[in-house]
1. Quick check: net charge around residue 58, other residues with Cβ under 13 Å of its Cβ, Lys/Arg +1 and Asp/Glu -1?
2. Indicate the gyration tensor shape class of region 23-117 (rounded, prolate or oblate), computed on the Cα atoms with a ≥ b ≥ c the square roots of the eigenvalues: a/c under 1.5 is rounded; otherwise a/b larger than b/c is prolate and the rest oblate.
3. Looking at region 99-144, which chymotrypsin sites (Phe, Trp or Tyr not before Pro) are in a loop (DSSP not H, G, I, E or B) and have at most 10 other Cβ atoms within 10 Å?
4. Counting other Cβ atoms within 10 Å, keep those with at most 10, restrict to DSSP loop, and tell me which trypsin sites (Lys or Arg not before Pro) in region 1-75 are left.
5. Could you pull out every residue, at least 5 positions away or on a different chain, whose amide H is within less than 5 Å of the one on residue 37? Hs are placed 1.01 Å off N in the peptide plane, and Pro or chain starts have none.
6. If you place +1 on the Cβ of every Lys and Arg, -1 on the Cβ of every Asp and Glu, and leave all else neutral, what size is the dipole of region 22-194 about its Cα centre, to the nearest 20 Debye?
7. Go through region 153-168 residue by residue and turn each phi into a ³J(HN,Hα) via Karplus (6.51, -1.76, 1.60, θ = phi - 60°); whole Hz please, and just put x for glycine and proline.
8. How much length is gained on full extension from residue 194 to residue 131, taking 0.36 nm per residue of separation minus their Cα-Cα distance?
Amino acid sequence: MFFRQKPSTIPAASEALPGRDAPIPTAEKHFVNGAPLKGPYPEGSEVIYLGMGCFWGAERLFWQLDGVHVTAVGYQGGHTPNPTYEEACSGRTGHAEMVMVVFDPKQIALEKILSTFWEEHDPTQGMRQGNDVGTQYRSAIYTTSDDQAARVAKSRDMFEAELKARGLGPITTEIKPAGPFYFAEPYHQQYLAKNPAGYCGLRGTGVSCPIPTAAA
């Protein structure tokens, strides 16, 4: 969405923009399925956060999956509390553009979500995704349990082996426990459902992820 040079390193907390105490306004409900973005979510739901570059196209991938209850886009992984889009895009908050995925693990395996993540973008590019350059476009997975972290790491290792066999890699995806998720402005939520011809810069590597994807 922005095609100019951005910082290539995440700022230190002392260098980050100050942000604000109050959350910025966001949508109340999912534009496609009507589910409340901030919950309550169905009992037994799990949450994982995924960054694949521009969050517009990334979010659409996941709301289309059976077993996903709701998705939302926002800013995460940096320092600035309650940032705006412009602040996140400045590279001075440390945040990545992220997709929150709330799913029913009895209907869709985490591995199905992860295989979609790995296959539908290029996780080897560092602080960019294609022409979208900057720390906010980095590949990232932020987990919400030890079990998720172990399964994410396993999927990364399996996919990296496939990439290496094709002369690609290594994977640069940032994987860590989830910190605060700041919901993005209303117009960003489910953007490509509202604007079907809108920008989507996702480009996969053409390599398939070998992990099993059946739900338990």
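1. -3
2. Prolate is the answer for region 23-117, as a/c is 1.5 or above and a/b outweighs b/c.
3. Sparse-neighbourhood loop chymotrypsin sites (Phe, Trp or Tyr not before Pro): none present.
4. For trypsin sites (Lys or Arg not before Pro) across region 1-75 that sit outside H, G, I, E and B with at most 10 neighbouring Cβ atoms in 10 Å, the list reads 4.
5. Distant-sequence amide H within range of residue 37: 29, 30.
6. Dipole of region 22-194, to the nearest 20 debye: 140 debye.
7. 4, 4, 5, 4, 5, 5, 6, 4, 4, 5, 4, 4, 5, 9, x, 10
8. Contour length minus the Cα-Cα distance gives 20.3 nm.
Laboratory data are not the source of any read-out in this text; all were calculated from the coordinates shown. Just so it is clear, the structure is predicted and the values come from calculations on it, not from any experiment. In this analysis, Cβ positions are derived from the backbone assuming ideal geometry, glycine residues included, and neighbour counts consider all displayed protein chains.
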